Amino acid sequence: MIMSRTIHISSEVLCRELQGEAVLLDLDSQRYFGLDAVGTRIWQLLDQHGEPHAVLNALEEEFDADRKTLEHDLQQFLQRLTEAGLITVEAPAEAARATEESSGG
């Protein structure tokens, strides 16, 4: 399940925000992706947290929607970002191993 994973935004993606919305440019594919205000907020939260559950908790505080709906919509959005190559999803064991390697452990 994607909600228990760690999310990494591709280093090949540029994000530019304008008036509450964002445009993403994938430098590898040269494709543009437009995000509405909610998609832009999710992108910002992914960049800050990298953890879908933290993003979900923030969305629940910020938007007037029930948690189940938010989680469903977030999972679909993350799946589309993954399919487009804009993010990668790391299994929990891989995330722990990467943390250990980066800390010299």
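Here E100 fits the description: among the acidic types (D, E), open to solvent by 30 Å² or more (accessible area, probe 1.4 Å) and at pLDDT below 95. For region 12-27, state whether one or more residues are under 22 Å from H72 (Cβ atoms), open to solvent by 20 Å² or more (accessible area, probe 1.4 Å), touching a Gly at 6+ places or on another chain (Cβ under 7 Å) and in a strand (DSSP E or B). No - not one qualifying residue is present in region 12-27. Against the list (1) surrounded by 15 or more Cβ atoms within 10 Å (Cβ to Cβ); (2) under 12 Å from the mean Cα position of the chain (by Cα); (3) at pLDDT below 95, the condition L86 fails is (3). Kindly evaluate L70 against the criterion of being open to solvent by less than 40 Å² (accessible area, probe 1.4 Å) and without any contact (Cβ under 8 Å) to a residue 60 or more places away in the chain. Here the answer is yes, as L70 does meet what is asked.
The values are calculated or read from the model by the stated rules, or taken from the named source; none is laboratory data. Values in this document were obtained by computation on a predicted structure and should not be read as measured data. Methodologically, a virtual Cβ is constructed for each residue, glycine included, from the backbone with ideal geometry; neighbour enumeration extends over all protein chains shown. Areas reflect the complete protein model, heavy atoms only, side chains present, ligands, DNA and RNA absent. Shrake-Rupley method; radii C 1.70, N 1.55, O 1.52, S 1.80 Å.
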